[in-house]
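The values are calculated or read from the model by the stated rules, or taken from the named source; none is laboratory data. On a predicted model such as this, the values are computed, not experimentally measured, just so you know. Here the Cβ positions follow ideal geometry from the backbone for every residue, glycine too, while neighbour counts run over all protein chains shown. For accessibility, only protein heavy atoms count, side chains too; no ligands or nucleic acids. Shrake-Rupley method; radii C 1.70, N 1.55, O 1.52, S 1.80 Å.
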Amino acid sequence: MDFEPLIELSKKKRKMQDSTHSFKGSNSSCGDEVTIFLRVKNDRIEDASFDGRGCIISMASAALLTEHIKGKTLEEVKKLTKEAHLELLGFDLSRNPSRLKCALLSFIILKENL
Amino acid sequence: MMFDVEKIRKDFPILDLRVNGKPLVYLDSAATSQKPLQVLDAVRNYYLTSNSNVHRGVHYLSEQATIVFEKARKTIASFINANPEEIVFTKNSTEALNLLMYSYGMSKIKEGDRIVLSEMEHHSNIVPWQQLAIRKKAELSYIPVNKEGILEENAFSLMEKASITSIMHISNALGTINPIGKMAPLAKENSVFIVDASQSVPHMPIDVKKLGCDFLVFTGHKMLGPMGIGILYGKKELLEEMPPFLFGGEMITEVHKYSSKWSTPPQKFEAGTPDVGAVIGLAKAIDYLSSIGMENIHSHEKELVSYALETAPENVEIYGPKDSSKRAGILSFNVKGIHSHDLSTILDSEGIAIRAGNHCAQPLHEKLGLPGSARASFYLYNTKEEVDALWKGVEKAKKLFGV
Ligand SMILES: Cc1ncc(COP(=O)(O)O)c(C=O)c1O
C-alpha cells in the first residue's frame, strides 16, 4: 500500500463554521472518529469537509469522500455506492480486509444520516 | 539443556516464510503462537493411526483413541500440577470462562453478591461476568489499574466481600504480571478465585497449588497447540458441586425418558464429541515446551523484552511496568503521530507481524486514555535480530510520516 499520498490527504481536516449539517460517527473497535460537515443549499452540497482522529485510511477516505460530494445534489449523493466510494480511494484493500472498516467509516456515517 | 533459538526455529517452518518479499518477523504470539512440526505430526499421526470416537466403542480404535485422549489429559494436568480429573476440555479460554459463569455463577450468585474483576481484563473475562451481574442483579467491581499498568494493591480489599474474583495472571495488552499469589489468600471462604492464565501458562512455570486459585483457564493455541482446545482447571470438590454446563452425550451415566444422571467431573462438563486431535496436539505441545523448560522460555522472553526496551527508538511511548520483574514478553507502545493500525500496516510491508488496536481490552485503553496501541509479543522462537527489525521498521514509519 502506498502511504505517501494518503498522509497528505489525511491532513486536510477542516471544521466548518457555517455548516448546515454535521454528522459524527466512530469505529468502536479501533476508536477512530469522523465528523462530516455539509453546507447544503437548495438540496445541493455547496461545501463539505471533515474532522476527526484515527488512522490514515479513515482520514484519507473522509477527505476523498467530502471532496467528491462537493457540488453534488443530495439525491446524487444518496445514490453513491460502497463500491464507488472505495474506488475513490484508488487503492486495493483486497489483501487487507481488516482495514475495510476504516475505509468505509466516513461513507457509512454519510449514508446513515442522509 | 542449552537454549538454542536457531535449533528451535527449525521446528517452525512457517517462520521461514517471506512476506511482501521480506523474511517474516512474527511478533504476534500473544494472539496465537506458531506450531512446531512435532505438534503437527502428532495430530496427523493420531488421525493416521488412532482416530475414532472416544469413550464410546469397545473396538480397538475406539479404545486406542480413549487411551491417548486420557493420557493427554494426564500430561496437561501434570504440567500445571493438577490431577487429571480436575482438567476439563473446552474450546478455548473464553468457553472455559463461560462454563464458569453459567455453571458456577448462575447456580451460586444471588442478588447483591459481589463479583470482582480488574480494569485490565480481556473482554472474555469481562463480558460473561457482566452478563451474570445483569441476570442476577449482582454488583460488579473493578480493581483499578494505575498509569504504569499495575493493579492498585490498596483495592485488593474489594476481594474481601467478593463471591467471585476473576483476574488475569499476565495482561495480554501490557505484559504486566499480576501478583496472583498475593491475591489468592484474600478470597474469603465460600468464594472462588479464578485466574485467566491464557498469557502465563504458555510462557512460565505454573503450579495451581502454589498459585492458590480455585479455577484457572488457558487456551491451547497460544502455547504451540492447535486451535479449538482450551482448558478449565477446577478444584475437584468445586467441580463436583457444580451443575453441568452443556447437556447431551458423554456427560451422562443414565438417561431415561424424563430424567438423567450426570457423570462425574471432568466428563460432566464435556458433552458431545471432543476435538481429540487438538487434545493430542496440545499434549505434544506441552511435551515440547517441557523439554525446553518453562524457566528457560521465560528468561529468553525477558531478555528479549529488556533488549527491546533498551533499544527502543525516540518518540516511542511504551506502556506497562518499567520494572522488568513485573513484565512478561509483551511490549505495547505507540509512536507519536502514527496511528497503531497504520504502523502495523507499514511494518507488515516489511514482513513484520504485530498486533494493533485495543487488544480485546477496551476498558483498559479507555482508562489509560489511549485509542489503541501497537503490541509486539515474544515467544521462544524470537530473536534479538527480530527486535532490531521491529525498531528499524518503526524508524522507517517515522520517516514516512515525518515524525
Ligand atoms: C488474557 C487473555 N484471556 C483470554 C483470551 C481468550 O482466548 P481465546 O480466544 O482462545 O478464548 C486471550 C486471548 O485472546 C487472552 O489474551
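With no solvent and one equal point scatterer per Cα, compute the Debye intensity ratio I(q)/I(0) for region B:188-281 at 0.14, 0.18 Å⁻¹ and report its log10, rounded to two decimals.
These q points yield log10 I(q)/I(0) values of -0.63, -0.95.
Out of all DSSP beta bridges in chain B, what portion is antiparallel? Express it as a percent rounded to 5.
Antiparallel bridges: around 60 percent, rounded to the nearest 5.
Placing +1 at every Lys and Arg Cβ and -1 at every Asp and Glu Cβ, with all other atoms neutral, what dipole size does region B:272-383 have around its Cα centre, in debye to the nearest 20?
For region B:272-383, the charge dipole is close to 260 debye.
Could you work out which residue, out of B:Arg327, B:Arg135, B:Arg355, moves most in a Gaussian network model of chain B, that is, has the largest mean-square fluctuation with Cα springs under 10 Å?
Among B:Arg327, B:Arg135, B:Arg355, the largest mean-square fluctuation in the Gaussian network model of chain B belongs to B:Arg135.
For region B:13-28, in order, what is each residue's ³J(HN,Hα) by Karplus, 6.51 cos²θ - 1.76 cosθ + 1.60 with θ = phi - 60°, in whole Hz (x at glycine and Pro)?
x, 4, 5, 8, 4, 10, 10, 6, x, 10, x, 4, 10, 8, 10, 9
Can you give me the P(r) profile for region B:298-403? Cα pairs, bins 10 angstrom wide beginning at 0, each as a whole percent.
That works out to 15, 49, 33, 3, in percent per bin.
Assign unit charges at the C-beta atoms only (+1 for Lys and Arg, -1 for Asp and Glu), then state the dipole size of region B:139-288 relative to its Cα centre in Debye, rounded to the nearest 20.
140
Quick one: which residues, 5 or more positions from B:Gly230 or on another chain, have an amide H under 5 Å from its amide H? H modelled 1.01 Å from N in the peptide plane, none for Pro or chain starts.
B:Thr90, B:Lys91, B:Asn92, B:Gly220
Can you give the convex hull volume of the alpha carbon atoms of region B:12-133 per residue, in Å³?
Each residue corresponds to 178 Å³ of Cα convex hull volume.
Name the residue farthest towards the positive end of the dipole of chain B from the options B:Tyr46, B:Ser191, B:Ile252, assuming +1 on Cβ of Lys and Arg, -1 on Cβ of Asp and Glu, about the Cα centre.
Value computed over the given set: B:Ile252.
Please average, across the residues of B:334-344, the number of beta carbons from any other chain that are within 10 Å of each residue's own beta carbon, and give a whole number.
4
Would you kindly state how much longer the chain becomes between B:Glu189 and B:Glu6 on full extension, computed as 0.36 nm times their sequence separation minus their alpha carbon distance, in nm to one decimal?
Stretched fully, the B:Glu189-B:Glu6 segment lengthens by 61.0 nm.
Could you go through region B:117-123 in sequence order and give the Karplus-derived ³J(HN,Hα) for each residue, using 6.51 cos²θ - 1.76 cosθ + 1.60 with θ = phi - 60°, rounded to whole Hz, and x for Gly and Pro?
10, 10, 6, 9, 5, 5, 3
Most fluctuating residue of B:Ser93, B:Ser29, B:Ser103 in a GNM of chain B with Cα springs under 10 Å: which is it?
Sorting by GNM fluctuation, first place goes to B:Ser103.
So how do B:Thr383, A:Thr81 rank on accessible area, 1.4 Å probe, biggest first, that is with the largest at the start?
Per-residue accessible area, sorted high to low, gives A:Thr81, B:Thr383.
Buried accessible area between A and B (1.4 Å probe, both chains summed, ligands and nucleic acids excluded), in Å² to the nearest 100?
1100
Compute a Gaussian network model of chain B, connecting alpha carbons closer than 10 Å, and tell me which residue from B:Ile297, B:Ile14, B:Ile87 fluctuates the most.
Fluctuation is largest for B:Ile14.
Long-range amide H contacts for B:Arg327: which residues qualify at under 5 Å (H placed 1.01 Å from N, peptide plane, sequence gap of 5 or more or a different chain)?
Hits under the 5 Å cutoff: B:Ile177.
Over region B:124-251, what number does the Rg to Rh ratio reach, with both radii from the alpha-carbon atoms and Rh per Kirkwood?
The Rg/Rh ratio comes out at 0.96.
Quick one: what does P(r) look like for region B:40-290 with 5 Å bins over all Cα pairs, in whole %?
The distribution over region B:40-290 is 1, 6, 13, 18, 19, 16, 12, 8, 5, 2, 1, 0, 0, given as percents.
Which number do you get for Rg(Cα) / (2.2 N^0.38 Å) in region B:232-305?
1.63
Using the per-residue mean of other Cβ atoms lying within 10 Å as a proxy for protection, in what order, highest first, do the peptides B:230-242, B:36-48 fall?
Ranking, from highest mean packing down: B:230-242, B:36-48.
Would you mind getting the Kirkwood hydrodynamic radius of chain A from its Cα pairs, rounded to one decimal in Å?
About 14.0 Å, per the Kirkwood formula over Cα pairs.
Can you run phi through the Karplus equation (6.51, -1.76, 1.60; θ = phi - 60°) for region B:205-212 and list ³J(HN,Hα) in whole Hz, with x for Gly and Pro?
x, 10, 10, 5, 5, 5, 5, x
Nearest 5 percent is fine: what portion of the DSSP beta bridges confined to region B:163-233 is antiparallel?
Beta bridges within region B:163-233, antiparallel portion: roughly 40 percent.
What share of the DSSP beta bridges in the protein assembly as shown is antiparallel, in percent to the nearest 5?
Rounded to the nearest five, the antiparallel share is 70 percent.
Which peptide among A:93-99, B:164-170 comes first, and what is the full order, when sorted by highest mean count of other Cβ atoms within 10 Å?
Ranked from most to least packed, the peptides come out as B:164-170, A:93-99.
According to the Cα gyration tensor, what semi-axes, each the square root of 5 times an eigenvalue, does the equivalent ellipsoid of the protein assembly as shown have, listed from largest to smallest in whole Å?
44, 28, 24
Mind checking which of B:Ile170, B:Gly212, B:Leu232 is farthest towards the positive end of region B:40-290's charge dipole, using Cβ charges of +1 (Lys, Arg) and -1 (Asp, Glu) about the Cα centre?
Ranked along the dipole, the leading option is B:Leu232.
Which whole number gives the average, over all residues in A:47-59, of C-beta atoms from other chains lying within 10 Å of the residue C-beta?
3
Quick check: Cα centre of region B:326-390 to Cα centre of region B:211-234, how many Å?
With region B:326-390 and region B:211-234 each reduced to a Cα centre, they are spaced 24 Å.
Evaluate the distance, in nm, between pseudo-label points positioned 7 Å from the Cα of A:Glu46 and of B:Asn146 along their respective Cα→Cβ axes.
5.6
What are the residues whose amide H is under 5 Å from the amide H of B:Ile352, where those residues sit 5 or more places off or on another chain and H is modelled from the backbone?
B:Val25
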